[in-house]
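The values are calculated or read from the model by the stated rules, or taken from the named source; none is laboratory data. Note that the structure is predicted; figures quoted are calculated from it, not measured. Glycine also receives a Cβ, built like all others from the backbone with ideal geometry; neighbour counts cover every protein chain displayed. Just the protein is used for accessible areas: all its heavy atoms, side chains included, with ligands, DNA and RNA removed. Shrake-Rupley method; radii C 1.70, N 1.55, O 1.52, S 1.80 Å.
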Amino acid sequence: MRQVHGKAQPRRANGSLSQVWRGGLRRADPTGLRRFLPFVFAGLFLLLARDDIAALDWLDVLGAGDGISTGHWALATLATAVSFAALGRYDQLVHGALGTGVDARRTRWSGMAAIALGQMAGAGLLTGTLIRWRLMPDLSLGVAGRITLIVTASFLAAWAVLTSFAVLLFLPIGDGASALALAILAASSLLALLAFVLPRLSVASRHLTLPPLALMARILGLTATDTLAAATVLYMLLPQDALPGFTAFLPAFLL
């Protein structure tokens with residue numbers, strides 16, 4: 001406030017309205033991509049999927065749901081919650097390893113959203129990067145992409161180990177498959193041993209730092225939790241009269 005002839009008058013903003021507007025634009029996201037690009041891709045996804053969506057018989061879908069017991073619905077819902085909790089922890093671990101400084105709760109929620117939407121829409125690396133970038137404004141697009149790549153690669157590595165175990169234990173499908181599973185387990189064991197004994201390698205004048213053994217173990221545990229819970233969800237929603245044994249279903253689901 002300022003005094004004019006003894007009366008208090010409101011202070012006028014310095015500069016013209018156009019100057020204030022330009023200043024606001026400079027402080028805002030200069031491109032607007034973070035806000036609008038994910039919606040552009042969502043619209044593109046719906047456009048590409050429009051024929052498949054239109055072809056769905058929703059009455060038939062609802063009718064199939066009526067054949068699932070209440071107990072199976074409850075178990076599927078619980079298993080879904082367990083799977084999503086594991087999904088969020090993937091991102092939390094990677095953020096911690098990279099030292100991004102993002103709040104743990106935000107990393108979990110963005111990870112759950114990115115993986116869920118990425119798997120539904122496809123193009124998981126691109127979709128997951130855009131979702132993480134949209135939900136965590138403090139991160140650059142490059143860092144969001146790096147997190148997506150690390151989460152995807154670490155999950156696939158752990159999935160290969162778990163699937164190899166499941167094939168050897170529950171799915172006798174031939175010597176070739178068993179040999180491949182054993183080779184994957186041998187390679188992963190060697191990598192874990194190197195991470196413990198020689199975590200920093202030099203290859204062709206380049207330095208490679210292996211992830212800590214504890215981080216590998218936590219990723220493997222989360223992947224086991226996630227995939228087992230996801231398998232349980234699908235198993236509970238299959239037609240009741242066509243359910244195979246779970247030990248036969250699990251390796252097929254993982255494959």
Show the residue pairs that are 6+ apart or on different chains and have beta-carbon atoms under 7 Å apart, the first residue being within segment 78-100 and free of Cβ contacts under 8 Å to residues at least 24 places away in the same chain, the second being surrounded by fewer than 16 Cβ atoms within 10 Å (Cβ to Cβ).
-> GLN92/ALA104
Looking at segment 224-239, is at least one residue surrounded by 13 or more Cβ atoms within 10 Å (Cβ to Cβ) and of a type in the set (D, E, K, R)?
-> yes
Across segment 123-138, which residue is most open to solvent (accessible area, probe 1.4 Å) among those that are touching a residue at least 24 places away in the same chain (Cβ under 8 Å) and in a loop (DSSP other than H, G, I, E, B)?
-> ASP138
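With respect to ALA177, is the statement that it is open to solvent by less than 40 Å² (accessible area, probe 1.4 Å), closer than 21 Å to LEU87 by Cα, of a type outside the set (Ser, Thr, Tyr) and in a helix (DSSP H, G or I) true?
No: the conditions fail for ALA177.
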Can you name every residue in segment 93-111 that is under 15 Å from TRP133 (Cα atoms), open to solvent by 30 Å² or more (accessible area, probe 1.4 Å) and either part of a helix (DSSP H, G or I) or among the hydrophobic types (A, V, I, L, M, F, W, C) (or both)?
-> ARG106, ARG108, TRP109
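Of everything in segment 151-174, what is of a type in the set (Val, Ile, Thr) and not in a helix (DSSP H, G or I)? Give them in sequence order. Quick ask: steps written out before the conclusion?
First, pick out the residues of segment 151-174 that are of a type in the set (Val, Ile, Thr): 151-152, 161, 163, 167, 173.
Matches in segment 151-174: ILE173 only.
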Being open to solvent by 50 Å² or more (accessible area, probe 1.4 Å) and within 16 Å of TYR90 (Cα to Cα) is the filter here, so list the residues in segment 156-171 that pass it.
-> LEU156, ALA157, TRP159
Qualifying residues in segment 58-92 (those that are open to solvent by 50 Å² or more (accessible area, probe 1.4 Å) and under 13 Å from the mean Cα position of the chain (by Cα)) - the one farthest from LEU130 (Cα to Cα) = ALA85
